């Protein structure tokens, strides 16, 4: 089976992605982008992605969540607050790609 390194390291180097996805489908896409070299910033609500609480777990974190979020940076924003929405918009303006699946 081919891996991202077979295609070439950093094929997406320099691409900046803000990831507002949750649970499974969106995180799979942004994981693939990170695997190919994109700088992915995952934005979670203060309570974290729902998938963090899934089973099976190791070290207090869901293995599925861990596997789908390798290579990403994380931040938390409470998007019910206007100042957090403003920060999210500023982040989106600085990125090349915005991914969401609300």
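The values are calculated or read from the model by the stated rules, or taken from the named source; none is laboratory data. What you see is a predicted model; the values in this text were computed from it and never measured. Every residue, glycine as well, gets a Cβ built from its backbone with ideal geometry; the counts of neighbours run over all protein chains shown.
Annotations
- Some residue of the range 89-98 being in contact with a strand residue (DSSP E or B) (Cβ under 9 Å, 6 or more places away or on another chain) and either part of a loop (DSSP other than H, G, I, E, B) or on the phi > 0 side of the Ramachandran plot (or both): yes
- Restricting attention to the range 88-102, the residues that are exposed (fewer than 15 other Cβ atoms within 10 Å of the Cβ), more than 10 Å from residue 19 (Cα to Cα) and at pLDDT 95 or above total 5.
- Enumeration of residues in the range 28-60 that are under 12 Å from residue 17 (Cα atoms), assigned to a loop (DSSP other than H, G, I, E, B) and in contact with a strand residue (DSSP E or B) (Cβ under 8 Å, 6 or more places away or on another chain): 38
- Residue check, residue 72 surrounded by 15 or more Cβ atoms within 10 Å (Cβ to Cβ), without any contact (Cβ under 8 Å) to a residue 40 or more places away in the chain and in contact with a strand residue (DSSP E or B) (Cβ under 6 Å, 6 or more places away or on another chain): no
- Residue check, residue 84 over 16 Å from the mean Cα position of the chain (by Cα) and in a helix (DSSP H, G or I): yes
- The set of residues in the range 32-52 being closer than 16 Å to residue 10 by Cβ and surrounded by 16 or more Cβ atoms within 10 Å (Cβ to Cβ) consists of 33, 34, 35, 36, 37, 38, 39, 40.
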